[in-house]
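Here the structure is laid out as structure tokens; the discussion comes afterwards.
Just so you know, all these numbers are worked out from the coordinates, no wet-lab data involved. Keep in mind the model is a prediction, meaning the values are calculated, not measured. Quick reminder, even Gly has a Cβ in these numbers, built from the backbone with ideal geometry, and neighbours come from all protein chains shown.
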Ligand SMILES: NC(=O)c1ccc[n+]([C@@H]2O[C@H](COP(=O)([O-])OP(=O)(O)OC[C@H]3O[C@@H](n4cnc5c(N)ncnc54)[C@H](O)[C@@H]3O)[C@@H](O)[C@H]2O)c1
């Protein structure tokens, strides 16, 4: 059995992951971490200040983090110190936070970090890459929509889309929404929608005169992210220390 601790255990993703770990036959839920102590699926959730003692007492194989950027950085440090493998799904990191996590991980533990654990989105990213290679002359717009409680914008998935496009079509200025009088330049427009309970929609639009190509992914249920995160958790245990992506877990071409 692979022993799992979930960080952000009381959150939307933490609850979904906890339930799915509990339902699996090869994973064992040994604890949760959140801001306040509580219980989920018959195990203790401890306050984040007690996370180290939870890791020492339960000796998990892997810690799965779906919290908020500043918290995830601290959780990664604690897990790395205790040689616990990592799956990090939290988004919204600054470059400095990302560097801090990488420093803690390298040489210490294996970690899968991805802004989106859905298999479909990882394939969608590949399609965006292929389209970008062929459509360098097109106007490009990126549109994402999420539920009203999402804190970071644009989404981590949209940022990954922008990074892929930069690699394939070259650097372009990003325009975050438009208002007033402005001429379209060689830019990428980025548009963020927040409302209701939208789980996660992403569209990349490639347009030129008389035609538009749209690539879209729509998630209907958080279980698609949780399924991917559990797949990553099974994969990461026993790997060499270092940072991996879902493309490694799924053996997708880069
Ligand atoms: N990579 C993916 O596939 C994927 C998918 C969905 C969501 N996300 C990301 O995962 C994160 C969580 O999303 P969510 O919808 O579950 O949010 P949420 O707000 O429902 O849950 C986050 C939980 O983390 C807890 N938390 C905050 N600070 C903490 C700390 N210091 N220690 C422990 N717990 C702490 C909060 O109390 C909350 O319970 C976000 O960054 C989101 O963008 C990633």
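Distance between the pseudo-spin-label points of residue 175 and residue 26 (7 Å out from Cα toward the beta carbon): 4.9 nm.
For region 119-219, give me the percentage of DSSP beta bridges that are antiparallel, rounded to the nearest 5 percent.
Values: 16 of 27 bridges.
So the antiparallel bridges in region 119-219 amount to around 60 percent.
Region 184-222 and region 1-51 have Cα centres separated by 33 Å. Calculated mean residue ellipticity at 222 nm for the chain: -11000 deg cm²/dmol, from DSSP H runs with n ≥ 4 weighted as -39500 (n - 2.57), summed, divided by the residue count and rounded to 500. Computed from the C-beta positions of residue 208 and residue 123 and an R0 of 30 Å, the FRET efficiency is 0.75 to the nearest 0.05.
Taking a point 7 angstrom from the Cα of residue 149 along the C-beta vector, which residues in region 48-75 have backbone N less than 19 Å away? Residues passing the 19 Å test: 48, 65-72.
Once the Cβ-Cβ distance of residue 59 and residue 100 is raised to the sixth power relative to R0 = 22 Å, the FRET efficiency obtained is 0.30.
Calculate, in nm to one decimal, what residue 186 and residue 166 gain on full extension: separation in residues at 0.36 nm each, minus their alpha carbon distance. Numbers along the way, then the final one.
Details: separation 20, 0.36 × 20 = 7.20 nm, distance 1.23 nm.
Extra length from residue 186 to residue 166 when fully extended: 6.0 nm.
Just to check, using Stokes-Einstein with a Kirkwood Rh over alpha carbon pairs, what's the diffusion coefficient of the chain at 37 °C and 0.692 mPa s in µm²/s?
Values: Rh = 19.0 Å.
Translational diffusion coefficient: 172 µm²/s.
In this simple spin-label approximation, residue 220 and residue 42 carry label points 7 Å from Cα along the Cα→Cβ vector, and these lie 3.1 nm apart. Quick note on region 1-138: its Rg to Rh ratio, both from C-alpha atoms and Rh being the Kirkwood radius, is 1.04. For region 112-206, the extents of the C-alpha atoms along the principal axes are 34, 34, 18 Å, listed from largest to smallest. Taking packing as the residue-averaged number of other Cβ atoms within 10 angstrom, the listed peptides 144-150, 81-87, 181-187 run from highest to lowest as 81-87, 144-150, 181-187. Model label points for residue 35 and residue 137, set 7 angstrom from Cα along the Cα-to-Cβ axis, are 5.3 nm apart.
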